[in-house]
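Below is one structure, written out as structure tokens, with a few remarks after it.
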Amino acid sequence: MSESPSALSGAASVAYFEQAVRLGLAGSIDGVVTCPINKVSVQMAGFVKDIGHQEILARITEAPLTATILMTPGLKVAHLTTHLSLANAVAAVRAPLITAKLRLTYEHLKAWGYQEPKIAVAALNPHGGEAGLLGREELDEILPAIASLADHGVDVVGPWPADSVFNRAIAGEFDAVLALYHDQGHIPIKVHNFSESVTATMGIPFVRTSVDHGTAFDIVGKNVADHRGLVQAVRVAKLMLTGRLPTF
């Protein structure tokens, strides 16, 4: 039982996950559910390019495009980017990537049971950019991406200000929201219902869900950890495999 990051635990966690991914690729299993991985331990073990599960999945599956989607009862949030600094995340807000991630999200939602998914895009800048006064990403990158998908029958709307779009989704107006960077999407999910939140990976050939919390070394061995996240991760994986995710 490790109570701090170590190269040994990092190497073990990567090895276990790599084997699970290979089983998924071989068709031996239909899905993978992961517990938290400590990113410092992974780095200590020498996996300098593998920041976490997402990067390991992309490496082994050789998937051309992957994306993270977080969900909790009443709210689902896909992410344009995750493990980037804020400066690099802003630089990644470009129409081709937005279009690709929205299409990926739409296709996965349909596979998981949504007949006609409706997706909203969160704005990057305050007040949605105020017609360019507070930033031009909405005008130059996000709107063209939305328009190109609308021309192909994909129901995408926005960009809506980030301080209201998630509340609208919780009210049932949208099936999912595309957040443009890590904390923009993680914060509303965890504020809405942290204990039952789940992460999933899109763009790989099998279902993968995960708990939405970290390793919490500070409570190791104290018998106070909340098990509900893992229960939900298993439940959501089954719902995805049976095309019944809308019930979550």
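Every read-out reported here was derived from the displayed coordinates using simple, explicitly stated rules and does not represent laboratory data. On a predicted model such as this, the values are computed, not experimentally measured, just so you know. Counting neighbours? That spans all protein chains shown, and the Cβs are built from the backbone with ideal geometry, glycine included.
Spread over its residues, the convex hull of the C-alpha atoms of the chain is 127 Å³ per residue.
Taken along its three principal axes, the alpha carbon spread of the range 123-167 comes to 30, 25, 11 Å, from the longest extent down to the shortest. Per the Kirkwood formula applied to alpha carbons, the range 180-227 shows a radius of gyration over Rh ratio, Rg over Rh, of 1.04.
Restricting the range 1-90 to GluC sites (Glu not before Pro) that sit in a DSSP loop and have at most 15 other Cβ atoms within 10 Å of their own Cβ leaves Glu3, Glu62.
Ratio of Rg to Rh for the range 1-90, alpha carbon only, Kirkwood? Spell out each step's value before the answer.
On the way: Rg = 14.4 Å, Rh = 14.6 Å.
Result: Rg/Rh = 0.99.
Summary value for the range 181-248: 30 percent relative contact order, contacts being C-alpha pairs under 8 angstrom separated by 6+ residues. For the pair the range 226-246 / the range 68-111, the C-alpha centres are spaced 20 Å from each other. Of all beta bridges that DSSP places with both ends in the chain, some 45 percent have antiparallel geometry. Scanning the chain for trypsin sites (Lys or Arg not before Pro) lying in DSSP loops with no more than 11 further Cβ atoms inside 10 Å, the longest uninterrupted stretch between such sites is 50-221.
Picking from Asp226, Asp218, Asp175, which is most flexible by a Gaussian network model of the chain using Cα springs under 10 Å? Taking springs between Cα atoms under 10 Å, the residue moving most is Asp218. The mean sequence distance of close C-alpha pairs (under 8 Å, at least 6 residues apart), as a share of the length of the chain, puts its relative contact order at 27 percent.
Looking at the range 84-209, the pairs of alpha carbons with a distance over 18 Å make up 54% of the total.
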